[in-house]
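Enquirer: The structure under discussion is supplied below as structure tokens; questions concerning it will follow.
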Amino acid sequence: MQVVVAGGTGFIGGSLVRALARQGARVSVITRDPGRMQRHLPVGVLALGWSDDEEVTWRRAVTDADAVVNLCGAPIAGRRWTPAVRDELRASRIGPTRRLVEAMAAAPRDRVFLSGSAVGYYGDRGDAALPESAPPSTCFLGDLCVEWEAVATEAERAGARVVLLRTGVVLGKRGGILTRLTPPFRLFMGGALGAGRQWMPWVHLDDEVGMIQWALGTPELRGPLNLVAPNPVRMREFAAALGKALHRPAL
């Protein structure tokens, strides 16, 4: 299988690229700094740039690919959502997604397009269970995910099977939210964020990558997919578990 991963050098994308390479897939990664990132990619994985000078090359890779995985997007967590940050969050998702869809439309054929999204699509619904059929929230993240998914779904017109990866809070040792949460715990200052009663739909990085690989190889799968563990916990429970794992109190 020939796979193109956009955003393949981040926390999730890097693990996915390594997993695909181990399986023997021919992988290309589209990144903003291909010269620097090429040194960090597995042997045989090719780094391509988003720049205008390399547009012909990455577009050819997309049109030749059996699968395209879109994981582009500036980080959301730990930032104040000022107007400038909101513009960045939107531009870093909508722009690359549209460019990928346009490249696929230039050479329509059967392929799979997995495009990132987030459980922020649903917003805060209290204790309600939220399957993929639940309607979107009208908050900023909900509106962003709706627009993001709408652009990705346009790839269906080019013959692609589209899967929308509504990802939860991804946990792993070398990135993601734990890099922000563990330092206060190590200083004996960790605890639940906010009131602690809010639900935290988490997923381990290994399972996130495994579900993406499963989506690649499951032809009948289309549309939104909630990438979360089956047992969400409240923030207070998560903080207690993290404190126990680090041998620190959860205030």
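Enquirer: TRP81 fails exactly one of the following numbered conditions: (1) within 16 Å of the chain's Cα centre (by Cα); (2) modelled with pLDDT under 95. What is the number of that condition?
Expert: Result: TRP81 fails condition (1) only.
Enquirer: Can you name the residue in the range 28-60 that is of a type in the set (Ser, Thr, Tyr) and closer than 11 Å to GLY7 by Cα and is also modelled with the highest pLDDT among such residues?
Expert: SER28
Enquirer: Is it fair to say TRP81 is over 21 Å from VAL170 (Cα atoms) and hydrophobic (A, V, I, L, M, F, W, C)?
Expert: The answer is no for TRP81.
Enquirer: Can you name the number of the only condition in (1) within 26 Å of VAL151 (Cα to Cα); (2) open to solvent by 10 Å² or more (accessible area, probe 1.4 Å) that LEU16 fails?
Expert: With respect to (1) within 26 Å of VAL151 (Cα to Cα); (2) open to solvent by 10 Å² or more (accessible area, probe 1.4 Å), LEU16 is out only on (2).
Enquirer: Being open to solvent by 30 Å² or more (accessible area, probe 1.4 Å), among the hydroxyl-bearing types (Ser, Thr, Tyr) and at pLDDT 95 or above is true for just one of THR153, THR179. Which residue is that?
Expert: Selected residue: THR153, the only one of THR153, THR179 that is open to solvent by 30 Å² or more (accessible area, probe 1.4 Å), among the hydroxyl-bearing types (Ser, Thr, Tyr) and at pLDDT 95 or above.
Enquirer: Kindly list the number of the only condition in (1) over 18 Å from the mean Cα position of the chain (by Cα); (2) closer than 23 Å to CYS139 by Cβ; (3) at pLDDT below 95 that fails for ALA107.
Expert: Every condition holds for ALA107 apart from (2).
Enquirer: Might you let me know whether the range 55-62 holds any residue that is farther than 19 Å from ALA160 by Cα and of a type in the set (Lys, Arg)?
Expert: The answer is no, given that none of the residues of the range 55-62 is farther than 19 Å from ALA160 by Cα and of a type in the set (Lys, Arg).
Enquirer: Kindly check whether there is at least one residue in the range 156-175 that is open to solvent by 50 Å² or more (accessible area, probe 1.4 Å), more than 26 Å from ASP206 (Cα to Cα), in contact (Cβ under 8 Å) with a residue 40 or more places away in the chain and not hydroxyl-bearing (Ser, Thr, Tyr). Give the derivation first.
Expert: At the first step, the residues of the range 156-175 found to be open to solvent by 50 Å² or more (accessible area, probe 1.4 Å) are 156-157, 173-174.
Checking the rest, the ones that are also more than 26 Å from ASP206 (Cα to Cα) come to 156-157.
From what's left, in contact (Cβ under 8 Å) with a residue 40 or more places away in the chain: 157.
From what is left, the residues that are not hydroxyl-bearing (Ser, Thr, Tyr) are 157.
Taking every residue of the range 156-175 in turn, at least one turns out to be open to solvent by 50 Å² or more (accessible area, probe 1.4 Å), more than 26 Å from ASP206 (Cα to Cα), in contact (Cβ under 8 Å) with a residue 40 or more places away in the chain and not hydroxyl-bearing (Ser, Thr, Tyr).
The values are calculated or read from the model by the stated rules, or taken from the named source; none is laboratory data. Quantities reported herein were computed from a predicted structural model and do not represent experimental measurements. Don't worry about glycine lacking a Cβ; one is built from the backbone with ideal geometry, like all the others, and counts go over all protein chains shown. The protein model used for the area step is the full one, side chains on, heavy atoms only, and it has no ligands, DNA or RNA in it. Shrake-Rupley method; radii C 1.70, N 1.55, O 1.52, S 1.80 Å.
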